[in-house]
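Visitor: Structure provided below as structure tokens; questions to follow.
The values are calculated or read from the model by the stated rules, or taken from the named source; none is laboratory data. In this text, all values refer to a predicted model and were calculated from it rather than measured experimentally. FYI the Cβ positions are ideal-geometry reconstructions off the backbone, even for glycines, and counts take in every protein chain you see. Only protein heavy atoms, including side chains, enter the accessible area calculation; ligands, DNA and RNA are left aside. Shrake-Rupley method; radii C 1.70, N 1.55, O 1.52, S 1.80 Å.
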Amino acid sequence: MRDYMAILNLAENENDIRALTTNRPIASIPIGSRYRVVDFMLSNLVNAGVRNVGVFTESNSRSLADHLGTGKPWDLNRKIDGLFLFNHGLCNLMYTDSKLIKNNMEYIYRSKSKDVILSSSYMVCNMDLAAVAEAHEASGADITVVYTHTNRADTDFSNCFTLNIDPDTGEITGAGKNIAVGKEADICMEIFLMKKERLTDFIYKSTSLNSVGSFYNLIFDQLGVLKFNAYRFEGYVSCINTVSSYFKSNMDMLDLDVSSELFRNSDRPIFTKIKDEPPTLYVKGCKVGNSLIADGCRIEGTVTDSLLGRYVDVEEGAVVENSIILQNVRIHKNAHLSHVIIDKNVDIDENTVLKGNEFFPLVIEKRNLLR
Amino acid sequence: MIHKNMVALILAGGQGSRLGAMTRKVAKPAVPFGGKYRIIDFALSNCSNSGIDTVGILTQYKPQQLSSHIGIGTPWDLDRVHGGVAILPPYMSEAGGDWYRGTANAVYQNLGYLDQFDPSYVLILSGDHIYKMDYRKMLDAHIAAGADATIAVIDVPLEEASRFGIMNTDETGRITSFDEKPEHPKSTLASMGIYIFSYANLKKHLEDDALDPASDNDFGKNIIPAMLAAGENLQAYRFEGYWKDVGTVQSFWEANMDLLKADNDVKLFQNDWKLYTETASIPSQYIGAEAKLTDSLISEGCVILGEVEHSVIFPGVKIGRNVRVVDSIIMEDCVLEDNVIVNKSILLTGVTVKANNVVGNGADIAVIDEGRVLSGSGYLN
């Protein structure tokens with residue numbers, strides 16, 4: 001593959017996942033017991049040999065900046081190239097100052113790479129981007145778009161771009177939005193490969209047009225003008241843009257086949273920020289089954305069909321089932337949680353009972369550690 | 001030259017021959033411990049938690065894994081612009097070169113390293129002890145007593161005292177005499193092998209010691225007795241808390257099992273005195289629907305489908321269905337296939353136990369060498 005730089009566009013639609021994004025962008029929502037959403041695409045890029053990643057965020061990026069740091073976990077703390085964080089997204093360019101854009105464009109110009117991978121973060125998957133790049137180069141197309149075929153378009157991938165693909169030629173004839181009426185759809189995974197100049201053209205155009213619509217619309221406007229190549233991704237993908245899809249995606253990871261593909265692939269590991277927690281202690285009397293558990297937990301109670309983040313205490317008699325517990329949560333004696341999502345730093349009092357259901361998991365928002 | 005108040009030196013060159021197969025490929029300080037650590041992480045984490053930012057690590061025996069574990073010291077926040085971590089192996093010079101011949105000689109050969117920081121005090125540590133200790137408090141005591149040297153001691157049972165170097169002190173804590181492994185101990189204050197020296201005085205003693213051909217060049221045998229003979233002020237600093245020298249297979253196993261108590265004395269879960277180590281990016285542990293876990297420490301990356309009781313499981317271990325692991329230590333990336341029993345055993349890194357095998361007889365500790373594949377069926381030790 002050629003030498004690519006990457007732009008991760010993290011200005012993502014948070015409308016249907018608000019409970020988890022009051023303090024953070026989608027990209028830094030914890031997922032899979034110890035990852036953040038952005039870890040997957042960032043690792044995909046690094047595993048394909050990309051060494052220059054610009055991350056474009058909107059406001060509210062403190063949690064993301066804290067997670068990414070200097071990029072060390074992804075080996076992106078480089079003297080030559082590496083990780084660059086830009087505090088404005090590509091979608092709301094009309095709100096940003098032209099000077100800011102120009103400064104950021106300088107970063108894109110300065111990179112020696114002639115090609116770019118543009119991607120969102122909220123499509124969680126483990127993808128061989130090197131293979132995508134090879135296919136892009138072989139196709140001779142101006143732009144390659146990665147998509148996935150789903151038969152769950154009525155429940156998943158809500159509001160995502162859909163592609164109309166000619167079944168005979170494989171060509172993209174149009175792009176629209178998934179309004180969740182049918183089951184079958186070809187969903188755009190918001191991963192694009194193109195020449196660097198092409199991307200800068202799009203950015204200038206969207207700025208000068210004061211385009212309020214999605215930046216990606218601008219790309220699809222070129223259908224029929226430029227040569228597009230559609231790359232079909234056959235692996236597991238989940239789209240993290242609603243609370244229920246977040247819940248389902250986490251539960252999917254309890255399946256060893258899914259987790260083997262997603263984050264137990266030794267050729268393409270998923271990297272994340274390292275913390276220094278001890279191993280997890282399972283105390284006599286605990287009952288744990290079908291669960292993903294991060295290090296640093298202490299479990300005396302019952303945990304089934306659940307995901308626990310780092311430093312979760314489950315006290316004696318407490319029951320956690322079908323739930324997602326994020327980092328640093330203490331579940332006191334005899335509490336009973338079922339189908340809940342507990343965000344970071346929450347204390348669940350003794351004997352508390354919290355229940356949601358599969359379609360409407362109950363979310364307990366993050367508590368600030370100020371007392 | 002930027003002056004450093006106290007520089008630490010960790011003696012990490014020992015073989016630890018009584019650990020048998022465990023130290024066949026690595027120096028004792030690099031032996032994996034406690035589910036994700038290596039033994040030297042305790043001394044290194046104590047240094048960074050005590051605010052010491054300049055640490056020299058003296059290596060000699062099979063240093064490769066140890067050196068690669070330490071790297072540039074990032075996990076312990078010791079990747080510093082000035083100071084930080086330095087690995088100090090024996091070296092050649094114009095006058096030839098030599099292995100480290102004893103603890104004092106090892107430090108003597110690195111006076112040049114120490115001089116560049118112009119330290120007021122030098123902290124000498126062993127790289128093979130399990131404990132959490134704030135060296136700042138020990139330094140405060142050293143300064144308050146106006147001591148030339150301060151030696152950390154721990155109260156041991158009288159019947160065990162003859163296994164240690166015993167410090168005899170007066171009522172103020174000043175050391176009056178020192179007995180190496182005495183048959184009839186006069187006190188129960190055992191040296192922990194942790195020393196703080198005022199640097200200028202130590203340097204003088206090390207230079208004198210190097211000129212003495214009869215000397216064993218050892219802190220316990222030569223330097224401390226020489227200081228006592230010179231009437232210098234040596235203080236015993238009493239340490240209260242968990243401390244273990246994991247010198248034998250038995251004590252290594254015991255120290256690991258000590259971690260399995262919910263409120264273990266090592267305080268593994270103590271957040272304001274964390275243990276740091278080199279950590280890989282691997283997934284959380286997966287516990288299967290049929291698993292049964294009791295009093296065990298399990299690390300990330302494991303897939304546990306069977307039963308684990310009173311055991312320490314390192315990262316990336318796969319435990320199959322209908323497996324029973326009891327009183328054991330299973331190191332990184334071991335694979336226990338279905339229908340296996342492991343009883344009171346230490347499986348070193350990368351061991352595979354094929355299906356339908358039994359390892360360990362439950363009486364003696366079985367140690368299975370790194371990377372072995374145990375196949376066939378029946379009892380294996």
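Visitor: Among B:297, B:305, B:293, which is within 7 Å of another protein chain (Cβ to nearest Cβ) and over 26 Å from residue B:30 (Cα atoms)?
Guide: The unique qualifying residue is B:293.
Visitor: Which of the residues belonging to the stretch B:244-287 are among the hydrophobic types (A, V, I, L, M, F, W, C), within 9 Å of chain A (Cβ to nearest Cβ) and assigned to a loop (DSSP other than H, G, I, E, B)? Steps first, answer last, please.
Guide: As a first pass, look at the stretch B:244-287 and keep what is among the hydrophobic types (A, V, I, L, M, F, W, C): B:246, B:249, B:252-253, B:255, B:257, B:259-260, B:262, B:266, B:268-269, B:273, B:275, B:280, B:282, B:287.
If we keep only those that are within 9 Å of chain A (Cβ to nearest Cβ) as well, we get B:259-260, B:262, B:268-269, B:275, B:280, B:282, B:287.
Correct list: B:259, B:260, B:262, B:268, B:269, B:275, B:280, B:282.
Visitor: Scan the stretch A:259-279 residue by residue and report those that are over 16 Å from residue A:48 (Cα atoms), hydrophobic (A, V, I, L, M, F, W, C) and within 16 Å of the chain's Cα centre (by Cα).
Guide: Within the stretch A:259-279, no residue meets the criteria.
Visitor: Restricting to the stretch A:268-314, give me the number of residues that are in contact with a helix residue (DSSP H, G or I) (Cβ under 8 Å, 6 or more places away or on another chain), open to solvent by 10 Å² or more (accessible area, probe 1.4 Å) and more than 7 Å from chain B (Cβ to nearest Cβ). Explain how you work it out, then say what you get.
Guide: Start the filter on the stretch A:268-314 by keeping residues that are in contact with a helix residue (DSSP H, G or I) (Cβ under 8 Å, 6 or more places away or on another chain), which leaves A:268-274, A:276, A:292, A:305, A:307.
Next, from what is left, pick out any that are open to solvent by 10 Å² or more (accessible area, probe 1.4 Å): A:268-269, A:271, A:273-274, A:276, A:305.
Of the ones still in play, those that are also more than 7 Å from chain B (Cβ to nearest Cβ) are A:268, A:273, A:305.
Total satisfying the criteria: 3.
Visitor: Within the stretch A:307-318, identify whether any single residue is under 18 Å from the mean Cα position of the chain (by Cα) and under 23 Å from residue B:36 (Cα atoms), and answer yes or no.
Guide: Narrowing the stretch A:307-318 to residues under 18 Å from the mean Cα position of the chain (by Cα): A:307, A:309.
Now drop any that are not under 23 Å from residue B:36 (Cα atoms), which leaves A:307, A:309.
The answer is yes; a qualifying residue exists.
Visitor: Identify the residue in the stretch B:90-107 that is open to solvent by 60 Å² or more (accessible area, probe 1.4 Å) and within 22 Å of the chain's Cα centre (by Cα) and, among all such residues, is nearest to residue B:201 (Cα to Cα).
Guide: Going through the qualifying residues, I end up with B:101.
Visitor: Another question, if that's okay. Please identify the pairs in which a residue from the stretch B:62-80 that is in a helix (DSSP H, G or I) has its Cβ atom under 7 Å from the Cβ atom of a residue that is modelled with pLDDT of 95 or more and open to solvent by 50 Å² or more (accessible area, probe 1.4 Å), counting only partners at least 6 apart or on another chain.
Guide: B:67/B:87; B:69/B:38; B:70/B:87; B:75/B:276; B:76/B:276
Visitor: Any residue that is open to solvent by 30 Å² or more (accessible area, probe 1.4 Å), more than 22 Å from residue B:279 (Cα to Cα) and at pLDDT 85 or above - is there at least one of those in the stretch A:86-105?
Guide: Checking the stretch A:86-105: not a single residue is open to solvent by 30 Å² or more (accessible area, probe 1.4 Å), more than 22 Å from residue B:279 (Cα to Cα) and at pLDDT 85 or above.
Visitor: Next up: Just a yes or no: is a residue in the stretch B:243-250 surrounded by 15 or more Cβ atoms within 10 Å (Cβ to Cβ) and of a type in the set (S, T, N, Q)?
Guide: No: zero hits.
Visitor: Within the stretch A:220-267, which residues are more than 9 Å from every other protein chain (Cβ to nearest Cβ) and polar (S, T, N, Q)?
Guide: Matches in the stretch A:220-267: A:222, A:229, A:238, A:241, A:242, A:244, A:245, A:249, A:250, A:260, A:265, A:266.
Visitor: Still on this structure, I have one more. Taking the stretch A:254-267 as the region of interest, how many residues are small (Gly, Ala, Ser) and open to solvent by 10 Å² or more (accessible area, probe 1.4 Å)? Before you say what the answer is, go through the steps one by one.
Guide: Residues of the stretch A:254-267 that are small (Gly, Ala, Ser), as a first pass: A:259-260, A:266.
Then keep just the ones that are open to solvent by 10 Å² or more (accessible area, probe 1.4 Å); that gives A:260, A:266.
The total comes to 2.
Visitor: Which condition does residue A:226 not pass, out of (1) touching a helix residue (DSSP H, G or I) at 6+ places or on another chain (Cβ under 6 Å); (2) open to solvent by 10 Å² or more (accessible area, probe 1.4 Å), if it passes all the others?
Guide: Of the numbered conditions (1) touching a helix residue (DSSP H, G or I) at 6+ places or on another chain (Cβ under 6 Å); (2) open to solvent by 10 Å² or more (accessible area, probe 1.4 Å), the odd one out for residue A:226 is (1).
Visitor: Looking at (1) farther than 30 Å from residue B:45 by Cβ; (2) touching a residue at least 24 places away in the same chain (Cβ under 8 Å), which is the one condition that is false for residue B:159?
Guide: (2)
Visitor: Filter the stretch A:178-207 down to residues that are among the acidic types (Asp, Glu) and under 22 Å from the mean Cα position of the chain (by Cα) and give me whichever is least open to solvent (accessible area, probe 1.4 Å).
Guide: Among residues in the stretch A:178-207 that are among the acidic types (Asp, Glu) and under 22 Å from the mean Cα position of the chain (by Cα), the one least open to solvent (accessible area, probe 1.4 Å) is A:190.
Visitor: Considering each residue of the stretch B:329-351, count those that are open to solvent by 30 Å² or more (accessible area, probe 1.4 Å) and not in a loop (DSSP other than H, G, I, E, B), and give that number. It would help to see each step written out before you state the result.
Guide: Restricting attention to the stretch B:329-351, the residues satisfying the condition of being open to solvent by 30 Å² or more (accessible area, probe 1.4 Å) are B:332-333, B:335, B:337-339, B:341, B:343-344, B:349.
With the extra rule that they be not in a loop (DSSP other than H, G, I, E, B), the set shrinks to B:335, B:341, B:343.
The number of residues fulfilling the criteria is 3.
Visitor: Let me ask something else about it. Just to be sure I understand, how many residues within the stretch A:315-371 are open to solvent by 50 Å² or more (accessible area, probe 1.4 Å), part of a strand (DSSP E or B) and within 22 Å of residue A:252 (Cα to Cα)?
Guide: 3
Visitor: Across the stretch A:243-253, which residue is farthest from residue A:159 (Cα to Cα) among those that are buried (at least 21 other Cβ atoms within 10 Å of the Cβ) and among the hydroxyl-bearing types (Ser, Thr, Tyr)?
Guide: Among residues in the stretch A:243-253 that are buried (at least 21 other Cβ atoms within 10 Å of the Cβ) and among the hydroxyl-bearing types (Ser, Thr, Tyr), the one farthest from residue A:159 (Cα to Cα) is A:249.
Visitor: Go through the stretch B:241-261 and give me each residue that's more than 12 Å from the chain's Cα centre (by Cα) and of a type in the set (Phe, Trp, Tyr).
Guide: Once the filter is applied, which keeps residues that are more than 12 Å from the chain's Cα centre (by Cα) and of a type in the set (Phe, Trp, Tyr), the stretch B:241-261 yields B:242, B:253.
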